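A short write-up of the structure that comes next.
The values are calculated or read from the model by the stated rules, or taken from the named source; none is laboratory data. It should be emphasised that the depicted structure is a prediction, and the values quoted were computed from it without experimental measurement. Quick reminder, even Gly has a Cβ in these numbers, built from the backbone with ideal geometry, and neighbours come from all protein chains shown.
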Amino acid sequence: MTLDAGGVFREWGRGLEAIFGYQPEEVIGRRPDFLIPPVLREKHWEGFYKAVATGRMKGHGARRA
């Protein structure tokens, strides 16, 4: 999966097809709001645009317990 700096899908892989059930032609060119619960969207976009601006993602590569 690849999102451009505007938050639009540019790539969608087979693994994501299997998990979410969407084909690439259904997703490419769209924003992922249809996958993000409404209650989480504001925080998602806040973090997304911060990561785009800084080039860093909080917790990226961190191990989860």
Could you list, in sequence order, the residues of segment 1-10 that are modelled with pLDDT of 95 or more and exposed (fewer than 14 other Cβ atoms within 10 Å of the Cβ)? 10
Going through segment 3-29 in order, the residues found to be closer than 19 Å to residue 47 by Cβ and either assigned to a loop (DSSP other than H, G, I, E, B) or hydroxyl-bearing (Ser, Thr, Tyr) (or both) are 4, 5, 6, 7, 8
